[in-house]
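The values are calculated or read from the model by the stated rules, or taken from the named source; none is laboratory data. Only a predicted model underlies this, so the values are computations on that prediction, with no experimental measurement involved. Here the Cβ positions follow ideal geometry from the backbone for every residue, glycine too, while neighbour counts run over all protein chains shown.
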Amino acid sequence: MRLIPAFVLAGLVALALGGCAKPISQKDQVSSGPVATQDRIVTGSAPLQGASARLEQAMPRKILSGGALAGRTLQVASTADIILRPGEVVLTFDDGPRAGKTPAILDTLDAHGVKATFLMLGSAARANPKLVQLVAQRGHGVGSHTYDHVDLTRLSRQAALDEIVRGEAAVADALSGSGYAASPFFRFPYLSQSGYLRTTLLQGDMVVLDVDIDSKDYYRDSAEAVAARTLQRLEARGSGIVLFHDIHQRTVDMLPLFLDELKARGYSVVRLAPKNGGAFGRSVITAQAQKDGETL
């Protein structure tokens, strides 16, 4: 692994994120998130600047022309390539796929003519390979979100890399033989990460997706409340990557209202696509065995 200048590494470690997803094993419970410790990047309650240079101009309602909701396709080879213009939104869905939820979300996205990125758990992908393939067939990005949705900063470095690799491999296996490949998109569970883990993934050409607007659809709120909260936070920023989860019925119910309102307010939904064609067009992160005497 090549060395990285200290100032670059420091900048990576300092990258902040917005929002946080709860463990899927704790149904609809609100988590306060991990506690900050040395060599960790954790999130707080306030939205912070993500890794990409997204613009943050506040946007009054309906100031943009009401054109098509589907926007441009943005090809990215690294996290730094995700630069959004005012009025542009990226839709992302974590923790799926899930029967009865993911297909309904796909139908809504199709009805509005927009594409999203799904960051899938390896365990869910292994249990629902046909759903993984359906997402890819509908033209959406399929990335990974570890295998079991664990807080990677609570694991050793070796165990954390194993968890990441295992999750990506399960998603790729679910797509095997379908004619589709997994994208090199990845999101940290709870958005909790260390400088070491982030740097390792970026060196392996993985595109780490941060969060600008957390819908907090894992709260026990109504669909209308989730849509209103997400729109309010989007209006405050003017653009950004939005975090949803395709495992909640409230998200299924909220999405048509949310997308209708995006169109009415003049936003456009950007589709992310890997510049190098997918997970197999890049370097591969490997979880190498721990050397004797090495401290992780």
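Of the residues making up segment 76-99, those that are surrounded by 15 or more Cβ atoms within 10 Å (Cβ to Cβ), under 15 Å from the mean Cα position of the chain (by Cα), of a type in the set (Gly, Ala, Ser) and more than 15 Å from His149 (Cβ to Cβ) number 1.
Among residues of segment 194-209 that are within 25 Å of Arg271 (Cα to Cα) and in a helix (DSSP H, G or I), those with a beta-carbon under 6 Å from a residue that is modelled with pLDDT of 95 or more and not charged (D, E, K, R) at least six positions away or on a different chain give the pairs Leu201/Val208.
Considering Pro86, Pro103, the condition of being assigned to a loop (DSSP other than H, G, I, E, B) and touching a residue at least 12 places away in the same chain (Cβ under 8 Å) is satisfied by Pro86 alone. Scanning segment 89-99 for residues that are out of contact with any helix residue (DSSP H, G or I) (no Cβ under 9 Å at 6 or more places or on another chain) and either assigned to a loop (DSSP other than H, G, I, E, B) or over 13 Å from Arg72 (Cα atoms) (or both) returns a single hit, Thr92. Could you tell me whether any residue of segment 80-95 is out of contact with any strand residue (DSSP E or B) (no Cβ under 8 Å at 6 or more places or on another chain), closer than 30 Å to Leu231 by Cα and acidic (Asp, Glu)? Taking every residue of segment 80-95 in turn, none turns out to be out of contact with any strand residue (DSSP E or B) (no Cβ under 8 Å at 6 or more places or on another chain), closer than 30 Å to Leu231 by Cα and acidic (Asp, Glu). Within segment 210-238, the set of residues being surrounded by 24 or more Cβ atoms within 10 Å (Cβ to Cβ) and part of a loop (DSSP other than H, G, I, E, B) comprises Asp210, Val211, Asp212, Ser215, Asp217, Tyr218.
Scanning segment 180-193 for residues that are of a type outside the set (Lys, Arg) and part of a loop (DSSP other than H, G, I, E, B) yields Tyr180, Ala181, Ala182, Ser183, Pro184, Phe188, Ser192. Leu201 meets each of the listed conditions (1) of a type in the set (A, V, I, L, M); (2) under 21 Å from Ile241 (Cβ atoms); (3) buried (at least 22 other Cβ atoms within 10 Å of the Cβ) apart from (3).
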